[in-house]
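Each remark here refers to the structure printed beneath this line.
The values are calculated or read from the model by the stated rules, or taken from the named source; none is laboratory data. Everything numeric in this text was worked out from a predicted model, so none of it was measured. So basically every Cβ, Gly included, is an ideal-geometry build from the backbone, and we count neighbours across all protein chains shown. Please note that ligands, DNA and RNA were not included when accessible areas were found on the heavy atoms of the full protein model with its side chains. Shrake-Rupley method; radii C 1.70, N 1.55, O 1.52, S 1.80 Å.
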Amino acid sequence: MAVIDQYFKHLVESGGSDLHLSEGQPPKMRAHGAISPIADGVLEHSTLNHMLSEICDEGAYERFLEKGDLDFAYEMDHESRFRCNFFKQKNGLGAVFRLIPTKIKTIQDLNVPETIESFGDLRSGLVLVTGPTGSGKSTTLAALIDYINRTYARHIITVEEPIEFVHNNKKSTITQREVHVHCPSFADGLRASLREDADIVLVGEMRDLETISLALTAAETGLLVFGTLHTNNARKTVDRLVDVFPSDQQSQVRTMLAGSLRGVVAQLLLKRDDQPGRVAVNEILVSTPAVSSVIREGSTQKLYDIITGGKEYGMQFMDDAIWEKMVSGQVSSLEAYMKAIDKSRFRAALPPEHSELGHSGGGSAKE
């Protein structure tokens with residue numbers, strides 16, 4: 001048993017989501033959104049160095065010491081798997097570990113809109129799941145891939161850094177590849193998938209021009225491509241994809257995106273007020289002729305009106321989803337206000353002790 005496993009066991013038993021270890025600090029754990037120490041005393045360099053080096057291979061650890069960053073997955077036992085990120089910081093070494101559930105939840109288990117599952121019925125195009133780090137994008141995508149795996153006989157290739165949820169073949173055949181282990185980059189993994197008779201490709205992160213360009217090409221040539229971005233809503237997602245390209249290529253990219261984008265699912269996690277834990281809220285854009293038209297024109301500010309008026313297609317605006325959680329008592333008015341896009345809408349619901357927030361200005365939904 002590795003020395004670090006004692007902390008992992010504590011994390012699992014306490015219902016935590018993340019373990020934080022930093023040289024010069026006590027070990028800490030995140031549970032239900034809040035971080036707190038789990039032991040007295042600070043971590044010394046020799047102790048932390050031993051704990052970290054013990055759970056990854058020698059070559060990878062040497063690479064980390066040289067470059068200052070390392071991502072990989074560690075399996076403590078059949079029940080507990082962790083996404084690991086090692087880094088260097090002001091006081092020395094540091095690491096954050098995210099517990100990855102071994103049982104993949106369904107879309108129904110996650111209590112997110114059923115429209116999300118329908119993206120798994122598509123045969124081609126680009127579907128993006130977006131949100132800040134730790135908003136549950138990987139969990140939602142895993143549920144979507146599992147739905148396809150249970151329902152259709154397809155060849156699904158995932159390109160991830162690191163592999164988080166492990167999928168066993170059901171009706172589909174699944175090939176999971178890890179960046180830096182099985183392929184040099186997301187772009188290389190995606191390029192190779194075009195030669196590997198894939199029906200569906202999941203790209204763990206679309207962060208550079210080459211990966212985004214390949215994803216658009218793959219979607220245009222008949223693959224169903226799922227990807228993730230760190231954007232908070234549908235409009236910002238479309239703008240980010242286009243803005244990555246040089247200005248002389250943006251018109252062509254808008255045309256490609258208008259033809260291949262099938263949907264955007266933006267996700268946030270809100271702290272629950274009715275019980276411990278967090279609840280997901282989603283903005284959903286489903287591609288329609290009107291959506292394609294505004295993307296082609298470059299007038300993405302019109303997406304707000306299309307989404308709010310697109311309920312019949314399964315569309316949902318983020319603030320409407322947040323409002324619903326607040327009205328049902330699942331989240332507090334303060335939490336709703338802090339996460340909302342158009343804060344003026346939520347201002348009146350703030351309790352008197354937080355009313356000063358309401359006068360500090362708030363963004364508009366159309367921004």
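List of remarks:
- The residues in the stretch 169-188 that are out of contact with any Pro (no Cβ under 9 Å at 6 or more places or on another chain) and buried (at least 16 other Cβ atoms within 10 Å of the Cβ) can be counted, and the count is 9.
- Scan of the stretch 58-97 for residues that are within 17 Å of LYS28 (Cα to Cα) and in contact with a Phe, Trp or Tyr (Cβ under 6 Å, 6 or more places away or on another chain), ordered by number: PHE82, CYS84, PHE86, GLY94, ALA95, PHE97
- Selected residue (only one of ILE212, ILE157 is touching a strand residue (DSSP E or B) at 6+ places or on another chain (Cβ under 7 Å), open to solvent by less than 50 Å² (accessible area, probe 1.4 Å) and more than 23 Å from ALA280 (Cα to Cα)): ILE157
- GLU117 touching a helix residue (DSSP H, G or I) at 6+ places or on another chain (Cβ under 7 Å) and modelled with pLDDT of 95 or more: yes
- So GLY277, is it at pLDDT 95 or above and open to solvent by less than 40 Å² (accessible area, probe 1.4 Å): no
- Checklist (1) touching a Ser or Thr at 6+ places or on another chain (Cβ under 6 Å); (2) open to solvent by 10 Å² or more (accessible area, probe 1.4 Å) applied to THR237, failing item: (2)
- Filter result (in contact with a Ser or Thr (Cβ under 8 Å, 6 or more places away or on another chain) and either open to solvent by 30 Å² or more (accessible area, probe 1.4 Å) or not hydrophobic (A, V, I, L, M, F, W, C) (or both)) within the stretch 102-120: THR102, LYS105, LEU110, GLY120
- Residue tally, condition under 21 Å from PRO162 (Cβ atoms) and either assigned to a loop (DSSP other than H, G, I, E, B) or open to solvent by less than 30 Å² (accessible area, probe 1.4 Å) (or both), over the stretch 30-72: 12
- In the stretch 218-252, residue farthest from ILE284 (Cα to Cα) [restricted to those that are modelled with pLDDT under 95 and of a type in the set (S, T, N, Q)]: THR221
- Whenever a residue of the stretch 9-25 is within 18 Å of TYR74 (Cβ to Cβ), its partners that are assigned to a strand (DSSP E or B) and of a type in the set (Ser, Thr, Tyr), lying with C-beta atoms within less than 9 angstrom and at least six residues away or across chains, give the pairs LYS9/SER80; LEU11/SER80; VAL12/SER80.
- Boolean, ARG191 is surrounded by fewer than 22 Cβ atoms within 10 Å (Cβ to Cβ) and assigned to a helix (DSSP H, G or I): yes
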